[in-house]
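Novice: Take this structure, written in structure tokens, and hold onto it; I'll ask about it next.
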Amino acid sequence: APGPGQPAIGWLESETIRPFDAESPLGSIRGLLGLPLADLADALERHRSADSVEASTAHLLAPIDEQEVWACGVTYRRSRDARMEESTQKDVYDLVYEAERPELFLKATPRRVSGPGEAVAIRGDSTWDVPEPELALIVNAHREVVGFTIGNDMSSRSIEGENPLYLPQAKVYTACAAVGPAIALTSEVPDPHALRIELMIERAGEVVFRGDTSTAEIHRSFDELVSYLHRGNTFPEGVVLMTGTGIVPPDSFTLAEGDLVHITIDGIGTLTNPVMRLDIDT
Ligand code: DO4
Ligand code: MG
């Protein structure tokens with residue numbers, strides 16, 4: 001969103017942002033995701049203003065408005081192994097990793113999503129928490145992947161580890177997800193199955209965890225994940241789909257209030273969020 005006032009969508013060049021015409025379909029993410037992919041390039045060209053604002057003065061928001069955020073589970077071997085270590089019910093994770101049907105879950109409604117720089121939460125009733133750095137697909141109303149962004153699927157390992165049926169409580173709560181900092185269009189990402197993802201966690205100015213992976217490690221294709229998501233669901237406003245984590249800190253690690261989570265994906269950018277502890281009714 002360029003400057004104070006009304007949020008707007010814009011075209012980010014290296015140092016500048018050119019806002020789109022608020023009256024056009026590009027005045028909202030819902031409008032943008034209503035366009036078929038074949039019409040998007042033309043609309044992006046036609047509706048962007050000649051004026052620009054300095055990107056450094058803009059306060060970036062999560063690049064969503066009405067979209068649900070869904071997520072895939074156990075798409076990387078590393079995630080399967082971590083779930084089997086933490087869980088009292090190990091078999092379900094191995095079974096879902098090998099199964100034809102992927103694990104998909106509703107991760108967040110828009111108001112539960114934090115944008116760049118906004119806090120993500122660990123729950124007051126959780127004792128073991130991690131960020132999950134994930135490539136997120138931006139899918140339009142026509143089931144087409146129009147772009148990519150970065151997702152943080154904040155997760156309670158203690159709650160999910162106690163019983164896999166607690167998954168919605170481990171995953172879905174206030175400020176449980178972050179998305180951003182921008183959308184890289186499909187045309188700008190030549191091979192989304194070969195993107196490096198890096199996670200860095202800082203505590204009091206020290207790096208307390210650093211890890212990386214590649215989307216080449218994902219055990220399923222994005223077409224398969226998007227196709228299963230649309231079995232029995234329509235998304236007239238578009239949808240964001242996080243594709244799973246391949247980076248899990250060691251079992252001795254848990255997030256703490258004040259940590260800074262930095263997730264970088266090649267060609268998209270870096271998503272940074274501070275961590276807060278949310279004691280609602282505990
Ligand atoms: O099965 C639990 C969810 C795992 C997950 O979110 C992931 O693999 O990213
Ligand atoms: Mg995840």
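Novice: For W70, what accessible surface area do you get with a 1.4 Å probe? Give it in Å², rounded to 10.
Specialist: Roughly 40 Å² of W70 is accessible to a 1.4 Å probe.
Novice: Take the chain, connect every pair of alpha-carbon atoms lying under 10 Å apart with a spring to form a Gaussian network, then pick out the residue of G258, G161, G180 with the largest mean-square fluctuation.
Specialist: Among G258, G161, G180, the largest GNM mean-square fluctuation belongs to G258.
Novice: How do 164-173, 114-123, 36-45 rank on mean C-beta neighbours within 10 Å, highest first?
Specialist: Numbers: 164-173: 17.3, 114-123: 20.7, 36-45: 13.3.
For the peptides 164-173, 114-123, 36-45, the packing ranking is 114-123, 164-173, 36-45.
Novice: Measure off, as a whole percent, the carbon and sulfur share of the 1.4 Å-probe accessible area of the chain, all protein chains present.
Specialist: Ligands and nucleic acids excluded, carbon and sulfur reach 51 percent.
Novice: Counting pairwise Cα distances across the chain, what percent come out greater than 25 angstrom?
Specialist: The proportion of pairs with Cα distances above 25 Å equals 44 percent.
Novice: Taking H placed 1.01 Å from N in the peptide plane, check which residues at least 5 places from T16 or on another chain put their amide H under 5 Å from its amide H.
Specialist: Amide H to amide H, under 5 Å and 5 or more residues apart or across chains, T16 pairs with A55.
Novice: By how many nm would the segment from R101 to D223 grow when fully extended, if each residue of separation counts as 0.36 nm and the alpha-carbon distance is taken off?
Specialist: 42.6 nm
Novice: Same structure again: Counting helices only, and only those DSSP H runs with n ≥ 4, report the 222 nm mean residue ellipticity of the chain as the sum of -39,500 (n - 2.57) divided by its residues, in deg cm²/dmol to the nearest 500.
Specialist: Calculated at 222 nm, the ellipticity per residue is -5000 deg cm²/dmol.
Novice: Using only the heavy atoms of the protein chains and a 1.4 Å probe, how would E98, E202 rank by accessible area, largest first? Numbers along the way, then the final one.
Specialist: Numbers: E98 120, E202 45 Å².
Sorted descending by solvent-accessible area, the residues read E98, E202.
Novice: Still on this structure, please answer the following. Using θ = phi - 60° and the Karplus form 6.51 cos²θ - 1.76 cosθ + 1.60, what ³J(HN,Hα) does each residue of region 37-50 get, whole Hz, x for Gly and Pro?
Specialist: For region 37-50, the Karplus-derived couplings read 3, 5, 9, 6, 4, 5, 5, 5, 6, 6, 9, 8, 6, 6 Hz, x marking Gly and Pro.
Novice: So which residue, out of P102, P25, P190, gets the largest mean-square fluctuation from a GNM of the chain using Cα contacts under 10 Å as springs?
Specialist: P190
Novice: What list of ³J(HN,Hα) values in whole Hz, one per residue of region 218-228 in order, does the Karplus curve 6.51 cos²θ - 1.76 cosθ + 1.60 (θ = phi - 60°) give from phi, with Gly and Pro shown as x?
Specialist: Working through the residues one at a time gives 5, 7, 9, 8, 5, 4, 5, 5, 5, 5, 5 Hz.
Novice: Something else about it: If we count every other residue with Cβ under 13 angstrom of W11's Cβ, Lys/Arg +1 and Asp/Glu -1, where does the sum land?
Specialist: Charge balance in the 13 Å sphere: -3.
Novice: Enter the Cα centre distance for the pair region 92-117 and region 197-267, rounded to the nearest angstrom.
Specialist: Between the Cα centre of region 92-117 and that of region 197-267, the gap is 10 Å.
Novice: Here's a follow-up. How would T16, T270 rank on accessible area, largest to smallest, probe 1.4 Å? Walk me through the numbers on the way to the answer.
Specialist: On the way: T16 40, T270 65 Å².
Descending accessible area places them as T270, T16.
Novice: What dipole magnitude, in Debye to the nearest 20, does region 142-282 give about its Cα centre under +1 on Lys/Arg Cβ and -1 on Asp/Glu Cβ?
Specialist: Values: 9 positive and 20 negative charges, 39 e Å.
About 180 debye.
Novice: By accessible area of protein heavy atoms, probe 1.4 Å, what ranking do K107, K90 get, highest first?
Specialist: Ranked list, largest accessible area first: K90, K107.
Novice: Any idea what the dipole of region 213-282 comes to, in debye rounded to 20, about its Cα centre with Lys/Arg Cβ at +1 and Asp/Glu Cβ at -1?
Specialist: Magnitude of the dipole: close to 200 debye.
Novice: As I understand it, the value is the acute angle between the Cα axis of helix 77-86 and the longest principal axis of the Cα atoms of the chain; what does it come to in degrees, rounded to 10?
Specialist: 40 degrees
Novice: OK, next. Where only protein heavy atoms count, and the probe is 1.4 Å, what is the accessible area per residue for region 62-185 in Å²?
Specialist: Averaged over the residues of region 62-185, the accessible area is 35 Å².
The values are calculated or read from the model by the stated rules, or taken from the named source; none is laboratory data. The structure presented is a predicted model; accordingly, all values stated were derived computationally and were not measured. Here the Cβ is made from the backbone with ideal geometry for all residues, glycine too, and neighbour counts use every protein chain on show. Just so you know, the surface numbers come from the protein's heavy atoms only, side chains and all, with ligands and any DNA or RNA stripped out. Shrake-Rupley method; radii C 1.70, N 1.55, O 1.52, S 1.80 Å.
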